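So the structure is just underneath, and the comments pick up after that.
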Amino acid sequence: MTRLQEKYKNEATPALRERFGYKNPMAVPALKKIVISMGLGDANSEKAKLEGAHKQLAQIAGQQPIIMKARKSVSNFKLREGMNVGLKVTLRGVKMYEFLDRLVSLAIPRVKDFRGLKPSGFDGRGNFSMGLVEQSVFPEIDPATITFTQGMNVTFVTSAETDAEARELLSLLGMPYRQD
């Protein structure tokens, strides 16, 4: 059991039960999965960029990402159906908690001028999305080997019914939200 799993079980669950009045312990919101995605607009013209991003995302996530392909053609973007457009990794279980721990304790504090995560990143159904401007904030990535900076989106999918429940859950797990 990872450090954050123990924190969820021993600290977050009782606090959520007290705050929201859950009678059944199975009704307490939990983190289901974390999806990390990178959009690579010019991945078809630059194969080295796709390979580099694939390698770096695999180092960050701890598992191999899948290559996402375009579903339909868009002539304004010079995009054809089936072209490589990005990478995606879905983390669950132990790897999910390990990634969240590294994100909260190592990567987010390394972001320049960080003042907290925007609470507007919730979607209305208890899921939270955030973006990182560059991949070099993770300690797994050697800054000397970076040939291009690449941003990424991170989505936290929870079993919470409302944004308030999800925000409280993620706050108890260490997410640094901006104070309103």
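Just so it is clear, none of the values below were taken in a lab; they were calculated from the coordinates. Quick caveat, the model's predicted, so the values are computed rather than measured. Note that each Cβ is placed from the backbone with ideal geometry, even for glycine, and that neighbours are counted across all protein chains shown.
So the values come out like this:
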{"read-out": "Potential lengthening between Asp123 and Glu46 on full extension [0.36 nm per residue; Cα-Cα distance subtracted]", "value": "24.4 nm"}
{"read-out": "Angle in degrees between helix 93-102 and the longest Cα principal axis of the chain, rounded to the nearest 10", "value": "80"}
{"read-out": "Test item: Cα-centred dipole of segment 3-172, Lys/Arg +1 and Asp/Glu -1 on Cβ, debye", "value": "380"}
{"read-out": "Rounded Å value of the spacing that divides the Cα centres of segment 96-117 and segment 118-170", "value": "9"}
{"read-out": "The chain: angle of helix 47-61 to the longest principal axis, Cα-based, in degrees nearest 10", "value": "20"}
{"read-out": "Top of Glu98, Glu46, Glu140 by mean-square fluctuation, Gaussian network on the chain, Cα under 10 Å", "value": "Glu46"}
{"read-out": "Between helix 163-172 and the chain: long-axis angle, C-alpha atoms, 0 to 90°, nearest 10", "value": "90"}
{"read-out": "Residue-averaged [θ]222 nm for the chain, counting only DSSP H segments that reach four residues, each worth -39500 (n - 2.57)", "value": "-7500 deg cm²/dmol"}
{"read-out": "Spatially proximal aspartates and glutamates relative to Lys7 (Cα-Cα < 14 Å; intrachain offsets below 8 disregarded)", "value": "Glu98, Asp101, Glu168"}
{"read-out": "Ordering of 111-118, 65-72 by burial proxy (mean other Cβ atoms within 10 Å per residue, highest first)", "value": "65-72, 111-118"}
